[in-house]
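A quick write-up on the structure given underneath.
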Amino acid sequence: MSIAFFDVDGTLLPHPSLERRLFWNLFRRGKIPAASCLRWVTQSVRLGPWKFKAMAQSNKTYLRGVPVSALEDFTSLLPEFFPAAIQRIWWHALRGDTIVLVTGTLAAIADTVKLALERELRWRGVEANLNVIATQLEVKNARCTGNLRGVPMLGEQKASALTEFAAALDVALVDCFAYGDHHADRSMLAAAGKPFAVNPTPALRSLARHHRWRILNWTRCPSRTLFARNAFKWKGEAAR
């Protein structure tokens, strides 16, 4: 048995990220309090442009006061997977590999991806239970506090999670597969014996060539339904 670790945004699904799609979905529906948005923007300005990206990944102030049920409503929406991603996960499932989603996106969103992938596998005649390692939100009284539970699942944290998960199952890292698209996934890819750079950013592509990692180019597919297209619209992108 082996383990296959998959990043989500940009690896299994096309950009923009699922969390960005979530933000605009909630914003258009009036689920995000204006005060929370203002607080998030204020903190961003204080940090300045150099630290903005890091802050955005760890600060979820915009979700303060949002009912958890609003996130659960979003989890019913169907992601648009890369067809080759589905084929690769199916291949791992047929091999009997343990499949793990390791993602910096919020756990509620990652659970959507897990359920959708399990459904895709059932359509192909394979029953499999996927695992999720994702960023956890702090919740009090059924509402998001805007804080995280623990640290965001990014960078070195992904590599640590991969190592710990493999050790718990007594699987050697050299036998593990890892798939990622961003330079920030480099530690996770380096930790696995069989790394794959999927639609890599220029920095990751350069690193993959240096280390002779496999490079995969997965193209996006048309939306399955009009419902899915509308659900996944975000600011600046019309439904296709």
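Overview of values
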item	result
Segments classed as helices (runs of 4 or more DSSP H), wholly inside the range 27-111, with at least 2 members that are β-branched (Val, Ile, Thr) and modelled with pLDDT of 80 or more	83-95
Matching residues in the range 138-170 - criterion: being farther than 30 Å from ALA192 by Cβ and exposed (fewer than 13 other Cβ atoms within 10 Å of the Cβ)	LYS140, ASN141, ALA142
Helices (runs of 4 or more DSSP H) contained entirely in the range 134-240, each with at least 2 residues that are in contact with a strand residue (DSSP E or B) (Cβ under 7 Å, 6 or more places away or on another chain) and at pLDDT 95 or above	156-168, 186-191, 202-211
Cβ-Cβ under 6 Å pairs, at least 6 apart or on other chains, the range 193-206 side open to solvent by less than 20 Å² (accessible area, probe 1.4 Å), far side among the β-branched types (Val, Ile, Thr)	ALA197/ILE215; VAL198/THR11
For VAL102: the one exception among (1) within 26 Å of TRP24 (Cβ to Cβ); (2) open to solvent by 20 Å² or more (accessible area, probe 1.4 Å); (3) not aromatic (Phe, Trp, Tyr)	(2)
Where VAL126 falls short, out of the listed (1) open to solvent by less than 70 Å² (accessible area, probe 1.4 Å); (2) without any contact (Cβ under 8 Å) to a residue 40 or more places away in the chain; (3) among the hydrophobic types (A, V, I, L, M, F, W, C); (4) not in a loop (DSSP other than H, G, I, E, B)	(4)
ASP181 touching a residue at least 12 places away in the same chain (Cβ under 8 Å), within 20 Å of LEU216 (Cα to Cα) and under 14 Å from the mean Cα position of the chain (by Cα)	yes
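The values are calculated or read from the model by the stated rules, or taken from the named source; none is laboratory data. Small disclaimer: the values here were computed from a predicted structure and weren't measured. All Cβ positions, even for glycine, are placed from backbone atoms using ideal geometry, and neighbour counts span all protein chains on display. When the accessible area is computed, the model is the full protein with side chains, heavy atoms only, and any ligands, DNA or RNA have been set aside. Shrake-Rupley method; radii C 1.70, N 1.55, O 1.52, S 1.80 Å.
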